[in-house]
Amino acid sequence: MRTGKEPQARYWLPGQGDWLAAWKYPPVARVSEVTGIQFSVGKSGKIAVVALLAPVMLDDKRVQRVNIGSVRRWNEWDIAPGDQILVSLAGQGIPRIDEVVWRSTQRSKPVPPEGRFNSLTCFYATAECQEQFVARLVWLGANEVLGLEGIGEAGWRELHQVYRFEHIFSWLGLTQEQLQSTFGISKGEKLWHQFNLSRDLPFTRWVIAMGIPLTQATLNASRDGSWQQLQERDEQSWRQLPFMGEQRARQVIQWLEDREVTALSNWLAAQRIAGFMP
DNA sequence: AGCTAGGTTGTCGCCTAATG
DNA sequence: CATTAGGCGACAACCTAGCT
(Lines give C-alpha, C1' and ligand atoms only; values in the text may rest on other atoms or scores of the structure.)
Protein backbone atom coordinates (compact mmCIF):
# COMPACT_ATOMS: atom_id res chain seq x y z
CA MET A 1 0.00 0.00 0.00
CA ARG A 2 0.92 3.58 -0.49
CA THR A 3 2.32 5.82 2.23
CA GLY A 4 -0.36 8.34 1.30
CA LYS A 5 0.94 11.69 2.41
CA GLU A 6 -1.01 13.55 -0.22
CA PRO A 7 -4.77 13.90 -0.27
CA GLN A 8 -6.40 11.43 -2.60
CA ALA A 9 -8.20 14.25 -4.35
CA ARG A 10 -5.00 15.42 -5.91
CA TYR A 11 -4.84 12.37 -8.11
CA TRP A 12 -8.26 12.78 -9.51
CA LEU A 13 -7.84 16.02 -11.32
CA PRO A 14 -9.73 16.51 -14.54
CA GLY A 15 -7.81 17.95 -17.45
CA GLN A 16 -4.65 16.32 -16.15
CA GLY A 17 -1.39 18.07 -17.05
CA ASP A 18 -2.42 21.70 -17.18
CA TRP A 19 -3.96 21.73 -13.79
CA LEU A 20 -1.09 19.82 -12.26
CA ALA A 21 1.50 22.12 -13.77
CA ALA A 22 -0.08 24.98 -11.93
CA TRP A 23 0.28 23.21 -8.61
CA LYS A 24 2.78 24.71 -6.27
CA TYR A 25 4.79 21.50 -5.95
CA PRO A 26 5.73 19.11 -8.71
CA PRO A 27 3.38 16.13 -8.71
CA VAL A 28 4.73 13.08 -6.93
CA ALA A 29 2.34 10.73 -8.65
CA ARG A 30 0.58 10.74 -11.98
CA VAL A 31 -1.84 8.66 -13.94
CA SER A 32 -0.73 7.07 -17.17
CA GLU A 33 -2.17 4.63 -19.66
CA VAL A 34 -0.74 1.15 -19.98
CA THR A 35 0.21 0.68 -23.61
CA GLY A 36 1.56 -2.83 -23.30
CA ILE A 37 2.82 -5.63 -21.11
CA GLN A 38 6.34 -6.95 -21.51
CA PHE A 39 7.79 -10.21 -20.23
CA SER A 40 11.45 -10.99 -19.80
CA VAL A 41 13.37 -14.06 -18.72
CA GLY A 42 16.37 -13.46 -16.50
CA LYS A 43 19.50 -15.53 -16.05
CA SER A 44 17.90 -17.68 -13.38
CA GLY A 45 14.84 -18.32 -15.53
CA LYS A 46 12.60 -16.05 -13.53
CA ILE A 47 10.01 -14.17 -15.48
CA ALA A 48 9.66 -10.45 -14.84
CA VAL A 49 6.65 -8.41 -15.92
CA VAL A 50 6.88 -4.76 -16.95
CA ALA A 51 4.10 -2.37 -17.91
CA LEU A 52 4.84 -0.06 -20.81
CA LEU A 53 3.33 3.39 -20.26
CA ALA A 54 2.41 6.47 -22.17
CA PRO A 55 5.33 8.72 -21.14
CA VAL A 56 4.73 11.00 -18.16
CA MET A 57 7.00 13.41 -16.33
CA LEU A 58 7.49 12.64 -12.68
CA ASP A 59 9.65 15.14 -10.85
CA ASP A 60 11.70 15.88 -14.01
CA LYS A 61 12.04 12.21 -14.84
CA ARG A 62 10.47 10.80 -17.95
CA VAL A 63 8.71 7.59 -17.03
CA GLN A 64 7.60 5.18 -19.74
CA ARG A 65 7.79 1.79 -18.05
CA VAL A 66 7.27 0.40 -14.63
CA ASN A 67 8.18 -2.90 -13.06
CA ILE A 68 5.27 -5.05 -11.96
CA GLY A 69 7.26 -7.98 -10.62
CA SER A 70 6.52 -11.68 -10.91
CA VAL A 71 3.71 -13.22 -12.91
CA ARG A 72 1.90 -13.94 -9.65
CA ARG A 73 2.09 -10.30 -8.72
CA TRP A 74 0.88 -9.28 -12.15
CA ASN A 75 -2.18 -11.47 -11.68
CA GLU A 76 -2.85 -9.87 -8.33
CA TRP A 77 -2.62 -6.38 -9.80
CA ASP A 78 -4.75 -7.46 -12.75
CA ILE A 79 -3.31 -5.01 -15.24
CA ALA A 80 -4.03 -5.04 -18.96
CA PRO A 81 -3.25 -2.73 -21.88
CA GLY A 82 -5.64 0.20 -21.92
CA ASP A 83 -5.85 0.44 -18.13
CA GLN A 84 -4.95 3.63 -16.29
CA ILE A 85 -2.52 3.30 -13.42
CA LEU A 86 -1.15 5.67 -10.84
CA VAL A 87 2.63 5.83 -10.83
CA SER A 88 5.00 7.51 -8.40
CA LEU A 89 8.73 7.62 -7.81
CA ALA A 90 10.18 5.47 -5.07
CA GLY A 91 12.98 7.25 -3.28
CA GLN A 92 15.54 8.48 -5.76
CA GLY A 93 13.49 7.92 -8.83
CA ILE A 94 12.51 4.34 -9.53
CA PRO A 95 8.96 4.23 -10.87
CA ARG A 96 6.44 2.30 -8.81
CA ILE A 97 2.80 1.36 -9.25
CA ASP A 98 0.52 2.77 -6.58
CA GLU A 99 -2.83 1.63 -7.79
CA VAL A 100 -4.97 0.80 -10.78
CA VAL A 101 -7.14 3.85 -11.26
CA TRP A 102 -9.33 2.60 -14.05
CA ARG A 103 -9.70 -0.66 -15.92
CA SER A 104 -10.43 -0.75 -19.59
CA THR A 105 -13.74 -2.31 -20.61
CA GLN A 106 -12.51 -4.63 -23.30
CA ARG A 107 -9.38 -6.18 -21.93
CA SER A 108 -7.08 -8.73 -23.44
CA LYS A 109 -4.02 -9.75 -21.53
CA PRO A 110 -0.97 -11.15 -23.28
CA VAL A 111 0.10 -14.66 -22.36
CA PRO A 112 3.31 -14.90 -20.34
CA PRO A 113 6.00 -17.35 -21.41
CA GLU A 114 5.67 -20.77 -19.83
CA GLY A 115 7.44 -21.00 -16.52
CA ARG A 116 9.60 -23.85 -17.69
CA PHE A 117 12.87 -22.00 -17.20
CA ASN A 118 15.01 -22.32 -14.10
CA SER A 119 18.59 -22.06 -12.95
CA LEU A 120 19.48 -25.28 -14.73
CA THR A 121 18.20 -24.28 -18.17
CA CYS A 122 19.67 -22.49 -21.14
CA PHE A 123 23.40 -23.01 -20.72
CA TYR A 124 23.15 -24.18 -24.30
CA ALA A 125 21.44 -22.09 -26.94
CA THR A 126 18.13 -23.18 -28.41
CA ALA A 127 15.32 -21.24 -30.00
CA GLU A 128 13.17 -21.26 -26.85
CA CYS A 129 16.16 -20.37 -24.70
CA GLN A 130 17.11 -17.19 -26.56
CA GLU A 131 16.14 -14.82 -23.75
CA GLN A 132 17.58 -16.64 -20.79
CA PHE A 133 20.67 -17.50 -22.79
CA VAL A 134 21.37 -13.84 -23.53
CA ALA A 135 20.63 -12.94 -19.92
CA ARG A 136 23.28 -15.42 -18.86
CA LEU A 137 25.81 -13.88 -21.24
CA VAL A 138 25.10 -10.36 -20.05
CA TRP A 139 25.45 -11.44 -16.47
CA LEU A 140 28.68 -13.36 -16.92
CA GLY A 141 30.21 -10.37 -18.65
CA ALA A 142 29.52 -8.04 -15.73
CA ASN A 143 32.36 -6.53 -13.72
CA GLU A 144 31.94 -8.69 -10.65
CA VAL A 145 31.97 -11.85 -12.73
CA LEU A 146 34.34 -11.99 -15.73
CA GLY A 147 34.62 -8.23 -16.18
CA LEU A 148 34.18 -8.21 -19.94
CA GLU A 149 34.13 -4.45 -20.46
CA GLY A 150 32.62 -3.03 -23.57
CA ILE A 151 30.00 -5.62 -24.31
CA GLY A 152 26.43 -5.64 -23.10
CA GLU A 153 23.11 -7.03 -24.18
CA ALA A 154 23.13 -5.66 -27.71
CA GLY A 155 26.70 -6.80 -28.30
CA TRP A 156 25.99 -10.32 -27.08
CA ARG A 157 22.88 -10.57 -29.24
CA GLU A 158 24.90 -9.49 -32.23
CA LEU A 159 27.67 -11.99 -31.61
CA HIS A 160 25.25 -14.81 -30.97
CA GLN A 161 23.30 -14.04 -34.11
CA VAL A 162 26.39 -13.95 -36.31
CA TYR A 163 28.33 -16.86 -34.86
CA ARG A 164 25.56 -19.04 -33.46
CA PHE A 165 26.96 -19.82 -30.05
CA GLU A 166 26.57 -23.38 -28.91
CA HIS A 167 26.82 -22.52 -25.21
CA ILE A 168 27.50 -19.63 -22.85
CA PHE A 169 31.28 -19.89 -23.23
CA SER A 170 31.46 -20.24 -27.00
CA TRP A 171 32.73 -16.69 -27.31
CA LEU A 172 36.08 -17.95 -26.03
CA GLY A 173 36.55 -19.60 -29.39
CA LEU A 174 36.19 -16.44 -31.44
CA THR A 175 39.21 -15.01 -33.22
CA GLN A 176 40.38 -11.43 -33.20
CA GLU A 177 39.40 -11.15 -36.85
CA GLN A 178 35.87 -12.34 -36.14
CA LEU A 179 35.41 -9.80 -33.38
CA GLN A 180 36.84 -7.02 -35.50
CA SER A 181 34.60 -7.82 -38.45
CA THR A 182 31.55 -7.48 -36.23
CA PHE A 183 32.51 -4.57 -34.02
CA GLY A 184 35.09 -2.71 -36.07
CA ILE A 185 38.85 -2.65 -35.81
CA SER A 186 39.21 -0.72 -32.58
CA LYS A 187 36.33 -2.05 -30.49
CA GLY A 188 36.88 -5.55 -31.80
CA GLU A 189 40.46 -5.55 -30.66
CA LYS A 190 39.56 -4.25 -27.23
CA LEU A 191 37.02 -6.99 -26.81
CA TRP A 192 39.41 -9.65 -27.96
CA HIS A 193 41.81 -8.39 -25.32
CA GLN A 194 39.13 -8.52 -22.66
CA PHE A 195 38.21 -12.04 -23.65
CA ASN A 196 41.81 -13.13 -23.33
CA LEU A 197 42.29 -11.45 -19.97
CA SER A 198 39.32 -13.39 -18.62
CA ARG A 199 41.09 -16.68 -19.30
CA ASP A 200 43.50 -15.95 -16.47
CA LEU A 201 40.88 -15.12 -13.87
CA PRO A 202 40.82 -17.36 -10.80
CA PHE A 203 38.69 -20.50 -10.67
CA THR A 204 36.08 -18.89 -8.43
CA ARG A 205 35.16 -16.29 -11.00
CA TRP A 206 34.58 -18.93 -13.61
CA VAL A 207 32.40 -21.01 -11.33
CA ILE A 208 30.36 -17.93 -10.61
CA ALA A 209 30.15 -17.27 -14.35
CA MET A 210 28.68 -20.74 -14.75
CA GLY A 211 25.95 -19.67 -12.36
CA ILE A 212 26.67 -21.94 -9.41
CA PRO A 213 23.79 -21.58 -6.95
CA LEU A 214 25.87 -20.44 -3.97
CA THR A 215 26.08 -17.11 -2.24
CA GLN A 216 29.34 -15.23 -2.44
CA ALA A 217 29.99 -15.80 1.24
CA THR A 218 29.47 -19.54 0.96
CA LEU A 219 31.78 -19.81 -2.00
CA ASN A 220 34.48 -17.83 -0.23
CA ALA A 221 34.16 -19.93 2.87
CA SER A 222 34.50 -23.15 0.92
CA ARG A 223 37.97 -22.18 -0.26
CA ASP A 224 37.58 -24.70 -3.05
CA GLY A 225 39.99 -24.00 -5.85
CA SER A 226 39.05 -26.65 -8.32
CA TRP A 227 36.12 -28.40 -9.90
CA GLN A 228 37.23 -31.66 -8.41
CA GLN A 229 37.10 -30.23 -4.89
CA LEU A 230 33.54 -29.09 -5.45
CA GLN A 231 32.55 -32.52 -6.64
CA GLU A 232 34.11 -34.30 -3.74
CA ARG A 233 31.77 -32.68 -1.26
CA ASP A 234 28.75 -34.65 -0.15
CA GLU A 235 25.55 -33.23 1.28
CA GLN A 236 26.88 -33.20 4.79
CA SER A 237 30.00 -31.37 3.74
CA TRP A 238 27.95 -28.70 1.99
CA ARG A 239 25.69 -28.28 4.98
CA GLN A 240 28.63 -27.29 7.12
CA LEU A 241 29.26 -24.14 5.13
CA PRO A 242 27.65 -20.85 6.10
CA PHE A 243 24.20 -20.03 4.67
CA MET A 244 23.73 -23.61 3.58
CA GLY A 245 20.46 -25.25 4.44
CA GLU A 246 18.79 -28.36 3.16
CA GLN A 247 17.44 -26.78 0.01
CA ARG A 248 20.60 -25.00 -1.01
CA ALA A 249 22.65 -28.12 -0.49
CA ARG A 250 20.28 -30.06 -2.71
CA GLN A 251 20.46 -27.37 -5.34
CA VAL A 252 24.25 -27.32 -5.56
CA ILE A 253 24.48 -31.07 -5.73
CA GLN A 254 21.87 -31.17 -8.43
CA TRP A 255 23.69 -28.41 -10.27
CA LEU A 256 27.02 -30.21 -10.05
CA GLU A 257 25.45 -33.36 -11.47
CA ASP A 258 23.69 -31.62 -14.31
CA ARG A 259 24.67 -32.86 -17.74
CA GLU A 260 25.03 -29.44 -19.36
CA VAL A 261 26.96 -28.11 -16.40
CA THR A 262 29.48 -30.93 -16.47
CA ALA A 263 29.79 -30.52 -20.22
CA LEU A 264 30.64 -26.85 -19.70
CA SER A 265 33.15 -27.77 -17.04
CA ASN A 266 34.87 -30.16 -19.43
CA TRP A 267 34.88 -27.56 -22.13
CA LEU A 268 36.56 -25.05 -19.82
CA ALA A 269 39.09 -27.72 -18.94
CA ALA A 270 39.90 -28.10 -22.62
CA GLN A 271 40.38 -24.34 -22.73
CA ARG A 272 42.87 -24.77 -19.89
CA ILE A 273 41.00 -22.51 -17.49
CA ALA A 274 42.43 -22.69 -13.97
CA GLY A 275 40.83 -25.26 -11.69
CA PHE A 276 38.93 -27.17 -14.35
CA MET A 277 41.68 -29.46 -15.56
CA PRO A 278 41.84 -32.87 -13.87
C1' DA B 1 13.16 -11.61 10.92
C1' DG B 2 17.02 -10.76 8.09
C1' DC B 3 19.92 -11.23 4.23
C1' DT B 4 21.42 -12.12 -0.60
C1' DA B 5 20.75 -12.39 -5.25
C1' DG B 6 18.42 -11.13 -9.14
C1' DG B 7 15.44 -8.12 -11.37
C1' DT B 8 13.95 -3.24 -12.75
C1' DT B 9 14.34 1.94 -13.95
C1' DG B 10 16.24 6.44 -15.97
C1' DT B 11 20.29 9.16 -16.82
C1' DC B 12 24.96 9.99 -18.35
C1' DG B 13 29.04 9.66 -21.15
C1' DC B 14 31.63 7.40 -24.68
C1' DC B 15 32.09 5.70 -29.11
C1' DT B 16 30.44 4.97 -33.77
C1' DA B 17 28.11 6.37 -37.74
C1' DA B 18 26.21 9.70 -40.58
C1' DT B 19 25.83 14.20 -42.54
C1' DG B 20 27.17 18.81 -44.30
C1' DC C 1 37.36 17.39 -41.96
C1' DA C 2 34.23 18.91 -38.35
C1' DT C 3 30.08 18.40 -36.12
C1' DT C 4 25.91 16.22 -34.73
C1' DA C 5 22.90 12.36 -33.65
C1' DG C 6 22.09 7.99 -31.84
C1' DG C 7 23.12 3.55 -29.75
C1' DC C 8 25.17 1.02 -26.21
C1' DG C 9 27.18 0.08 -21.88
C1' DA C 10 27.88 1.47 -17.09
C1' DC C 11 25.89 3.07 -12.83
C1' DA C 12 23.22 3.94 -8.51
C1' DA C 13 19.00 3.13 -6.25
C1' DC C 14 15.12 0.42 -5.16
C1' DC C 15 11.95 -3.81 -4.66
C1' DT C 16 10.73 -8.75 -4.20
C1' DA C 17 11.32 -13.65 -3.70
C1' DG C 18 13.38 -17.22 -1.52
C1' DC C 19 16.14 -19.31 1.85
C1' DT C 20 18.41 -19.63 6.39
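The values are calculated or read from the model by the stated rules, or taken from the named source; none is laboratory data. Remember, predicted model here, so these are calculated numbers, not experimental data. Heads up, the Cβs are rebuilt from the backbone with ideal geometry, glycines too, and the neighbour counts pull from every protein chain shown. Calculation scope for accessible area: heavy atoms of the full protein, side chains included, ligands and nucleic acids excluded. Shrake-Rupley method; radii C 1.70, N 1.55, O 1.52, S 1.80 Å.
What FRET efficiency do you get for A:Gln176 and A:Asn220 if R0 is 51 Å and r is their Cβ-Cβ distance, rounded to the nearest 0.05?
Rounded to the nearest 0.05, the efficiency is 0.90.
Work out the length of the dipole vector of chain A about its Cα centre, built from +1 on the beta-carbon of each Lys and Arg and -1 on the beta-carbon of each Asp and Glu, and round it to the nearest 20 debye.
The dipole magnitude comes to about 500 debye.
Quick one: which residues, 5 or more positions from A:Ala142 or on another chain, have an amide H under 5 Å from its amide H? H modelled 1.01 Å from N in the peptide plane, none for Pro or chain starts.
Those lying under 5 Å, H to H, from A:Ala142 are A:Gly147, A:Leu148.
Could you tell me the relative contact order of chain A? Use alpha-carbon pairs under 8 Å, at least six residues apart, and round to a whole percent.
Computed over chain A, the figure is 12 percent.
Is the stretch A:73-142 best put as rounded, prolate or oblate by its Cα gyration tensor, with a ≥ b ≥ c the root eigenvalues, rounded for a/c under 1.5, and otherwise prolate when a/b is larger than b/c, oblate when not?
Verdict is oblate for the stretch A:73-142.
Out of all Cα-Cα pairs in the stretch A:212-278, roughly what percent, to the nearest whole number, are more than 14 Å apart?
The answer is 59 percent, as a whole percent.
How much accessible area per residue does chain A have, counting only protein heavy atoms and a probe of 1.4 Å, in square angstrom?
Result: 57 Å² of accessible area for each residue.
State, as an integer percentage, the relative contact order of the stretch A:29-102 based on alpha-carbon contacts under 8 Å between residues 6 or more apart.
33
Keeping the other protein chains in place, figure out the carbon and sulfur percent of the accessible area of the stretch A:29-102, with a 1.4 Å probe.
49
Using r as the Cβ-Cβ distance of A:Val50 and A:Ala127, and R0 as 22 Å, what FRET efficiency do you calculate, to the nearest 0.05?
The formula returns an efficiency of 0.45 here.
At 1.4 Å probe size, with the rest of the protein present, what percent of the exposed accessible area of the stretch A:214-254 is carbon and sulfur atoms?
Carbon plus sulfur share of accessible area: 39 percent.
Do me a favour and compute the ellipsoid semi-axes for chain A from its Cα gyration tensor, root of five times each eigenvalue, largest one first, whole Å.
Calculated on Cα positions only, the semi-axes equal 43, 24, 18 Å.
Could you please tell me the mean projected area of the C-alpha convex hull for the stretch A:165-278, averaged over all directions and given in square nanometres to one decimal?
7.5
For the stretch A:203-271, what's the relative contact order in percent, using C-alpha pairs closer than 8 Å and at least 6 residues apart?
The normalised contact order for the stretch A:203-271 reaches 34 percent.
Sort the stretch A:129-199 into rounded, prolate or oblate with this rule: let a ≥ b ≥ c be the square roots of the eigenvalues of the Cα gyration tensor; rounded if a/c is under 1.5, and if a/c is not under 1.5, prolate when a/b is larger than b/c, oblate otherwise.
Oblate, because a/c is 1.5 or more while a/b does not exceed b/c.
Provide the descending list of Cα extents for the stretch A:59-193 along its principal axes, expressed in whole angstroms.
Reported extents, whole Å, longest axis first: 55, 38, 26.
What translational diffusion coefficient, to the nearest whole µm²/s, does the stretch A:29-102 have by Stokes-Einstein, given a Kirkwood radius computed over alpha-carbon pairs, a temperature of 20 °C and 1.002 mPa s viscosity?
173
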